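What follows draws every value from the coordinates through simple rules; no lab data is involved. Everything numeric in this text was worked out from a predicted model, so none of it was measured. Neighbour counts are summed over all protein chains in view; Cβ atoms, including those assigned to glycine, are modelled from backbone coordinates with ideal geometry.
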Amino acid sequence: MAHVYPARTADISLSTGLGQLSVNGVPVASNMRTFSQVMEIGDTIYLGIAHRDAAQWEEGIYTYIGTNRFARTVILESSNGNGPVDFSAGIKDVWATIPSRTVQRADENVTNDNRTTIDFGAWPGSPDTSLVVTGQTAITDTSFVMAQVVPADTDDHTADEHWVDPPILSVGEIVPNVGFTVRALARDGNLYGKYSIAWLWK
């Protein structure tokens, strides 16, 4: 299971109500991909959903629970006061996105107590690594968790280097009353050494 950020991925849905979301599984254009091409069962993803003919929309974290089927995991913003939308009949556009609510500087929103480093190892490094965060005694399996690279010097990289080629971060494997895992992925090839990151959950 992973949190995925696929490009050029979209579909349509005829699902109604407050329950699971099903998509057609057919590319909406020749240069687009379907969710079944980029996801495995258990993966999570940021989705945007918008009704074509009604003022209904939502963005959040969705879990891929079966072929062309999603469960609503965390609704971040919506036309229903940031809660789940009771979608009416009609066509809904569904696309992979990065919600504006999650695009923010971590060093402006996270205290120093929540900063740490993630290590890709000595040169030549590795394509991925992970960090287990523990001691989170109030966290639950429905908590929203995020992690971001912070522009701060480490033993291996300057603050500016954190912006030049930052790792891609994802968070998962929440253990209630214990913590979670931060995973880091190099964008191309390997990264090496320590990168400064910050995390928060609510």
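For the reader, a short list of remarks on this structure follows.
- A Cβ-based charge dipole, computed about the Cα centre of the chain with Lys and Arg at +1 and Asp and Glu at -1, lands at about 600 debye.
- Top of 170, 143, 22 by mean-square fluctuation, Gaussian network on the chain, Cα under 10 Å: 143
- Vicinal HN-Hα couplings computed from phi for segment 118-134 (Karplus, 6.51 cos²θ - 1.76 cosθ + 1.60; Hz; Gly/Pro x): 10, 10, 8, x, 5, 3, x, x, 8, x, 7, 7, 8, 9, 9, 9, 10
- Here segment 1-91 is assigned +1 on the Cβ of each Lys and Arg and -1 on the Cβ of each Asp and Glu. Its dipole about the Cα centre then comes out at about 200 debye.
- Percentage of interatomic Cα-Cα distances in the chain larger than 27 Å: 36 percent
- Taking the DSSP beta bridges with both ends in the chain, the antiparallel portion is around 95 percent.
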